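This report refers to the structure that appears directly beneath it.
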Amino acid sequence: MPKWFSFAAVRNWLYRQSFSKAGLKSTTTDLGEGTLMHCWVPKVHSDSKPNLLLIHGVGANAMWQWSSFISPLLTHFNLYVPDLVFFGDSYTKRPDRSEAFQARCVMAMMEAQGVVKTMNIAGISYGGFVAYSMATQFRERVDRLVLCCAGVCMEDKDMDDGLFKVKSVDEAISILLPSTPEKMKELMRLTFVKPSFQRVPSCILNDFIHVSPRLWPLHSHAFFWVLVEHAIAAFTKGFASHFDHHVKMMSAESYQEKKELILALHKDRKFCDLPRITQPTLIIWGEQDQVFPLELAHRLKRHVGENAQLEIIKNAGHAINIEKPKEVCKFMKSFLVDPFPSPKEVNQRNGHKVD
């Protein structure tokens, strides 16, 4: 394979085209103090639609994790899809690595985009930590909250108590930010119920390891076959001019910063320090999640109380946005579009499992 050819860059280019054709545009906001935040925003904002902010988890950028949700949600919402700091085209020179800092950056970006009314927020995994922090810091601005496999109720002692598959934070980082084919396969085993890495061509694995070693996202796996399917067609459509930008974006230059984000998430984390939120909250979890076990979903439901609704998806692991996107999207639309059910109705539905 020629050195300038990258399946990862091809797919990233295709995502950009699909987001643009769907009605979103790429923007970058200078928040000051060396902080830049990239976000996909509506080309045309509709005052008649509610605002929905989609926050990604650990990975390359927001496109890889939310691509399946854009078309189904655009008809109902003004969508805002940011890259968190140190992901995609977002960056900061500031030393703060907390999810609270990420939350403030996202809100500052939304205000710079002119979003002054309330918003709904959906967060996947790490993005759920940021979404929860936004709900606590900006209570009057956040209407409803969707948390997908987000272990915000975890404690630092949960690792020692054996709740997680990994034995240490360093081990978790080596898997969540893989640098070898073996770690990549380990990540897939950890995040999917039925991983199929045996079918992945070695040339694509090598592409992700050598060309863009930090591109591999925590919530992207099925994209391999989409990559192969579209690569040749895309090659004839002039994406080569975009390679330099995308390869730079997907490089390992933010590895240390991403590592620090994960360390900050775990360090001295106490359940008793977690603020309570009052917004109606939908919690969606994969029944076989091995990154944030199902116990954390029930813990979160108890913490939020009667305003929370828990939906458990069967035959799904941590990467529910890839394994079960239709089910996740259905729950999101039902919760965000329809009136929020009464506490009695919520209690009757909580913990309901769906295939």
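Considering (1) under 16 Å from ARG139 (Cα atoms); (2) open to solvent by less than 30 Å² (accessible area, probe 1.4 Å), the lone condition that ILE284 does not fulfil carries the number (1). Checking each residue in region 137-187 for being part of a helix (DSSP H, G or I) and open to solvent by 30 Å² or more (accessible area, probe 1.4 Å) picks out GLN137, LYS157, ASP160, ASP170, GLU171, SER174, PRO181, GLU182, LYS183, LYS185, GLU186. Filter region 74-123 for residues that are open to solvent by 60 Å² or more (accessible area, probe 1.4 Å), of a type in the set (D, E, K, R), at pLDDT 95 or above and not in a helix (DSSP H, G or I) and give the result. Matches in region 74-123: LYS93, ARG94. Total residues in region 262-284 satisfying the condition of being of a type in the set (A, V, I, L, M) and farther than 30 Å from LYS326 by Cα: the figure is 3.
ASP47 falls short on exactly one of the conditions (1) without any contact (Cβ under 8 Å) to a residue 60 or more places away in the chain; (2) touching a Pro at 6+ places or on another chain (Cβ under 8 Å), and that condition is (2). Could we say that CYS153 is touching a Lys or Arg at 6+ places or on another chain (Cβ under 7 Å) and in contact (Cβ under 8 Å) with a residue 40 or more places away in the chain here? Answer is yes for this residue.
Entry remark, region 270-292: residues being assigned to a loop (DSSP other than H, G, I, E, B) and not aliphatic (A, V, I, L, M) number 11 in total. Taken over region 293-321, residues that are more than 18 Å from MET159 (Cβ to Cβ) and in a loop (DSSP other than H, G, I, E, B) amount to 5.
The values are calculated or read from the model by the stated rules, or taken from the named source; none is laboratory data. What you see is a predicted model, and the numbers here were worked out from it, not measured in a lab. Reconstructed Cβ throughout: ideal geometry from the backbone, glycine too, with neighbour counts over all protein chains shown. These accessible areas exclude ligands, DNA and RNA; they are computed on the full protein's heavy atoms, side chains included. Shrake-Rupley method; radii C 1.70, N 1.55, O 1.52, S 1.80 Å.
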